[in-house]
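Visitor: The structure is given below, and queries will be raised subsequently.
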Amino acid sequence: MPEIAALGLGSNIGDGAANISRALRELEARRVGRIVALSSLWRTPPWGPVAQPAFFNACALVETALSPRALLEAVKAIEADMGRVMNERWGPRVIDIDILAYGDETLGEPDLTVPHPRMMERAFVLAPLAEIAADAMIGATSVRDALANVDASGLQIIEKGDAWRRRAEGESRMGEHIELKCRDGVTIGAYVARPAGAPKGGLVVLQEIFGVNHHIRAVADRFAAAGYVAVAPALFDRIERNVELGYGLDDRPRAMDTRSKTKVPETLADIEAAIDLAKEGGKVGLVGYCWGGTLAFLGACRLSGVTCAVGYYGGGIAGIASERPRAPVMLHFGALDKHIPLTDVEKIRLAQPTVPVFVYDADHGFNCDERESYDKAAADAALERTMEFFAAELK
Ligand code: ADP
Ligand code: MG
């Protein structure tokens, strides 16, 4: 009878998502078993005594006909083939695959202890495992209860659900990194995603303060899947190339600092270069989030070549609310946004009576499914309005 084994996978060298998805593919290709459940992709602070980069982590349930020992041999072979260097215990690794549990079996051999002896104190194991096996009992404790007993602060979901695996394998990655030449002669990077068929228009996707990161690329990919040429200019490149931050507490100071070093005329020149590229799709709209939300509004006021603009929770808009957009604008805000008081939203409404302003019962960053503050209901509602707006304005 096949058993269900729970595996914990981690990586902190190279592309963590790609490494973990490759290990999953190897498990299936080598007929170790069938993956019957997969957690979200998590990012976790490094654990243990060795200073090293943050880890990507995930857990999977594998239906396997192998014995625990054969399973251990198989996962060790995958680790070895993927180039894990066995030099430092608890040090950085391309891939680490642990057997967390194997059915209800317990094994206490020196090189194979099941359930995994350290899993109950590791939030980076318990948080992903709780997504797919909350009720599983590890000894006398459920995974859910074990998770409640550890400090899970600092853990974050990079991509919710199991779709990250396909994306990491490159099947749904639509875009590519390119260089954009700005009118002042400076070259910056950009991510561009193109639709499969004839484009419905062009969009410039304006980043948050976290760089053109995984999330912003995913946003561009989704707009491309909806038929638009989507260009996300790397607006931090003039300060520092290729800044890609996550949404943890440790990322925020660097995000704020880098943002504070940008200069409006240069940022507008970057956006202008992105608009010029997006024109290959037809008329061009701007869509931005957080800092990019403010820039979408500003771009609609100050740049030519903008047919329409959508800003999500742009904290700087109230300060420039008296400027006149040259193109139709739509704005989305969150009522629970601690960065943008509703008095600011009222100010914008008064100054821009023709601009539709929507307020959702959600926090700052509600559109970002990699953030704590993600709110699916608000994100879906705002996206529907945004897509209708683009369809009408860019046709
Ligand atoms: P950790 O997984 O605790 O970070 P390592 O991966 O470096 O540490 O430990 C690897 C060794 O742990 C392997 O050589 C293996 O024999 C032993 N081991 C014992 N129990 C297990 C288990 N349940 N899953 C994976 N490895 C185990
Ligand atoms: Mg291990």
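Visitor: Which one of these does V36 not meet: (1) within 17 Å of Y102 (Cβ to Cβ); (2) within 16 Å of ligand 2 (Cβ to nearest atom); (3) not basic (K, R)?
Guide: Exception for V36: condition (2).
Visitor: Can you tell me which residue among A198, A255, A190 is among the aliphatic types (A, V, I, L, M) and part of a loop (DSSP other than H, G, I, E, B)?
Guide: On the way: A255 fails: part of a loop (DSSP other than H, G, I, E, B); A190 fails: part of a loop (DSSP other than H, G, I, E, B).
Only one candidate qualifies: A198.
Visitor: Of the numbered conditions (1) part of a helix (DSSP H, G or I); (2) crowded, with 18+ Cβ neighbours inside 10 Å; (3) modelled with pLDDT under 95, D380 satisfies every one except a single condition; which is it?
Guide: (2)
Visitor: Can you confirm whether D375 is within 24 Å of V192 (Cβ to Cβ), modelled with pLDDT under 95 and either surrounded by fewer than 20 Cβ atoms within 10 Å (Cβ to Cβ) or touching a strand residue (DSSP E or B) at 6+ places or on another chain (Cβ under 8 Å) (or both)?
Guide: Working: within 24 Å of V192 (Cβ to Cβ): no; modelled with pLDDT under 95: yes; either surrounded by fewer than 20 Cβ atoms within 10 Å (Cβ to Cβ) or touching a strand residue (DSSP E or B) at 6+ places or on another chain (Cβ under 8 Å) (or both): yes.
Judged against the criteria, D375 is not a match.
Per-residue answers, yes or no, for (1) within 16 Å of ligand 2 (Cβ to nearest atom); (2) crowded, with 19+ Cβ neighbours inside 10 Å:
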site: R118; (1), (2): yes, no
site: E121; (1), (2): yes, no
site: L129; (1), (2): yes, yes
site: A136; (1), (2): no, yes
site: G139; (1), (2): no, no
site: V143; (1), (2): no, yes
site: A148; (1), (2): no, no
site: Q156; (1), (2): no, yes
site: K160; (1), (2): no, no
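Visitor: Something else now. Under 7 Å between Cβ atoms, which residue pairs at least 6 apart in sequence (or on different chains) link something in the range 130-157 that is over 26 Å from A54 (Cβ atoms) with a partner that is among the basic types (K, R)?
Guide: Partner pairs satisfying both residue conditions: D135/R144.
Visitor: Let me ask you something else. What do you reckon, is V212 modelled with pLDDT of 95 or more and over 24 Å from E63 (Cβ atoms)?
Guide: No.
Visitor: Counting only residues that are within 13 Å of ligand 1 (Cβ to nearest atom) and in a loop (DSSP other than H, G, I, E, B), how many does the range 1-20 have? Full working, then the answer.
Guide: We begin by selecting, within the range 1-20, every residue within 13 Å of ligand 1 (Cβ to nearest atom); these are 5-12.
Now narrow it down to the ones that are in a loop (DSSP other than H, G, I, E, B): 12.
Counting residues in the range 1-20 that are within 13 Å of ligand 1 (Cβ to nearest atom) and in a loop (DSSP other than H, G, I, E, B) gives 1.
The values are calculated or read from the model by the stated rules, or taken from the named source; none is laboratory data. Remember, predicted model here, so these are calculated numbers, not experimental data. For neighbour counting, all protein chains shown are included, and Cβ atoms are generated from backbone atoms with ideal geometry for every residue, glycine included.
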